[in-house]
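The values are calculated or read from the model by the stated rules, or taken from the named source; none is laboratory data. Because the structure is predicted, anything quoted here is derived from the model rather than measured. No Cβ is skipped: glycine too gets one built from the backbone with ideal geometry, and neighbour counts run over all protein chains shown. Accessible surface areas use protein heavy atoms only, side chains included; no ligands, DNA or RNA. Shrake-Rupley method; radii C 1.70, N 1.55, O 1.52, S 1.80 Å.
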Amino acid sequence: NGAGITYRAETAPEYEDSIWDFTLTEKNGVKCLVNTNQEADGTSSLVYVDVELKAGQAIKFDYFASSELGADMLHIIIDDVQIYQISGESTDWQTCFPYVAIKDGKYTIAIAYIKDTTDTVGEDSVYIKNFEICDAKDVTVASYIPRNCATELVADGFLGQDAEQIMMQMGMEAFSNE
């Protein structure tokens, strides 16, 4: 959804056997994206989203989570900075606004579902639909404001992990689109 939004997979040959894709599917009768590494312990699914934002525009999407709380998580990383995490069991679709641009520019969003090496809980998935750009004044739910000061377990996962920690969990040196 949305003009100016481009999706692309990780294509670097060195990640061919370790990074899984996202795929188009249906959840509750609605078309959406979902990670493809369900029940594959110690793996990651990754998709990049390239967007052009003006200052004051927000990223918005709906999600449905069915994963192990605090362990199997969807990470939203913008320009190498982790800004949002989703895990646990949803009862219905939820809307989030994980980022508001403070300056005009092109942004690369990495959406990474990281499956730990232990338990399988739920469907091992986070479904995403209605990915779009909106004005920050249209934000209708509490939104996460990134801070890199501490790591704390909260309802949606761990806050305060930086992109380097997430990349190390995925076995990657960097999220790069070059």
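Of note:
- Exclusive hit being small (Gly, Ala, Ser), over 28 Å from ASP138 (Cα atoms) and either open to solvent by 10 Å² or more (accessible area, probe 1.4 Å) or in a helix (DSSP H, G or I) (or both), set ALA40, ALA55: ALA40
- Taken residue by residue, segment 125-132 has no member that is open to solvent by less than 10 Å² (accessible area, probe 1.4 Å), part of a loop (DSSP other than H, G, I, E, B) and in contact with a Ser or Thr (Cβ under 7 Å, 6 or more places away or on another chain).
- Restricting attention to segment 6-20, the residues that are open to solvent by 80 Å² or more (accessible area, probe 1.4 Å) and either over 21 Å from LYS115 (Cα atoms) or not in a strand (DSSP E or B) (or both) add up to 6.
- Within segment 62-79, being in a strand (DSSP E or B) and under 13 Å from the mean Cα position of the chain (by Cα) holds for ASP62, TYR63, PHE64, ALA65, MET73, LEU74, HIS75, ILE76, ILE77, ILE78.
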